[in-house]
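Presented below is the structure to which this report refers.
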Amino acid sequence: MRVPLVAGNWKMYKTVAEAVDYARRLKSSGSPAGVELAVCPPFTALLAVGRELAGSQVGLGAQDMHWAEEGAYTGEVSPLMLKELGCRYVILGHSERRQHFGESDEAVNAKVKAALRHGLVPIVCVGETLAEREAGRAREVVAGQLRGSLAGLAAQEAGNVVVAYEPVWAIGTGRTALPEDAQEMSAFIRALLAEMFGREVAGKVRIQYGGSVKPENAAGILRQPDIDGALVGGASLQVESFLAIARAAAK
Ligand code: PGA
């Protein structure tokens with residue numbers, strides 16, 4: 001049984017004070033049963049949010065990291081640093097990083113391996129652009145990203161990965177994939193994982209959907225058999241809407 005994971009990707013939102021206030025309210029609201037929750041604040045707020053959430057069931061995640069443990073990489077943050085702050089998750093290969101910061105599948109792959117080496121659960125993002133979908137290339141693009149990002153993993157490592165299917169055209173646009181389309185791509189991703197790592201591993205991997213998930217559309221998407229939770233941007237910024245989505249995910 002895969003426990004759904006609903007993770008909030010805060011992107012570049014919330015000061016430390018705002019983040020702490022959110023974490024306090026989230027903790028006092030209590031998490032719904034049957035679903036795992038995580039919040040991914042900006043680096044600057046990780047320490048304070050981690051402290052606030054201590055003793056709760058809500059996991060802490062980062063939005064990116066470097067693959068090296070340390071080194072002359074100005075502006076970067078290492079897996080060791082994230083572990084020290086109590087992170088359980090790290091989002092890797094988000095389309096905004098691929099798009100605006102030129103992140104390649106090779107870089108994502110190095111980061112995924114580093115995360116696993118350090119006991120962090122990578123949330124690996126894949127997804128096609130609108131042009132790619134319209135050209136009928138959605139599956140091909142997603143398959144390429146998945147193979148590239150997970151290349152060289154041992155089957156037993158791959159079982160710990162979370163995959164987030166996030167069609168780029170649905171992120172922050174208010175346009176969500178139809179539940180059937182999201183299900184179809186998730187089933188395709190699972191079949192690919194089975195081909196790469198075996199059926200048992202593929203059956204364990206959680207596949208999230210992301211892209212304009214809101215309380216109003218969450219139930220239809222989260223009820224799909226191959227969708228195991230959501231990666232939520234905008235709607236995760238308020239405790240109430242984040243929890244409403246979490247309740248919809250609880251199977
Ligand atoms: P959105 O973002 O929910 O605001 O569309 C999702 C994401 O980028 O992970």
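The values are calculated or read from the model by the stated rules, or taken from the named source; none is laboratory data. As the structure is a prediction and not an experimental result, all values here were calculated from the model. Every residue, glycine among them, receives a Cβ derived from its backbone with ideal geometry; neighbour counts consider all protein chains shown. Accessible surface is based on the protein model in full, side chains and every heavy atom, while ligands, DNA and RNA are left aside. Shrake-Rupley method; radii C 1.70, N 1.55, O 1.52, S 1.80 Å.
Has region 5-14 got at least one residue that is touching a residue at least 12 places away in the same chain (Cβ under 8 Å), of a type in the set (Phe, Trp, Tyr) and touching a Phe, Trp or Tyr at 6+ places or on another chain (Cβ under 9 Å)? Yes: one or more hits. Restricting attention to region 227-242, the residues that are surrounded by fewer than 21 Cβ atoms within 10 Å (Cβ to Cβ) and either more than 10 Å from the ligand (Cβ to nearest atom) or aromatic (Phe, Trp, Tyr) (or both) add up to 4. Check whether at least one residue in region 162-185 is at pLDDT below 95 and either on the phi > 0 side of the Ramachandran plot or in contact with an Asp or Glu (Cβ under 6 Å, 6 or more places away or on another chain) (or both), and report yes or no. Within region 162-185, one or more residues are at pLDDT below 95 and either on the phi > 0 side of the Ramachandran plot or in contact with an Asp or Glu (Cβ under 6 Å, 6 or more places away or on another chain) (or both). Determine if region 52-75 includes at least one residue that is under 14 Å from Ala115 (Cα atoms) and among the hydroxyl-bearing types (Ser, Thr, Tyr). No, region 52-75 contains no residue that is under 14 Å from Ala115 (Cα atoms) and among the hydroxyl-bearing types (Ser, Thr, Tyr).
Each residue in region 117-155 was checked for being in a helix (DSSP H, G or I), open to solvent by 30 Å² or more (accessible area, probe 1.4 Å) and closer than 17 Å to His66 by Cβ, and 1 pass.
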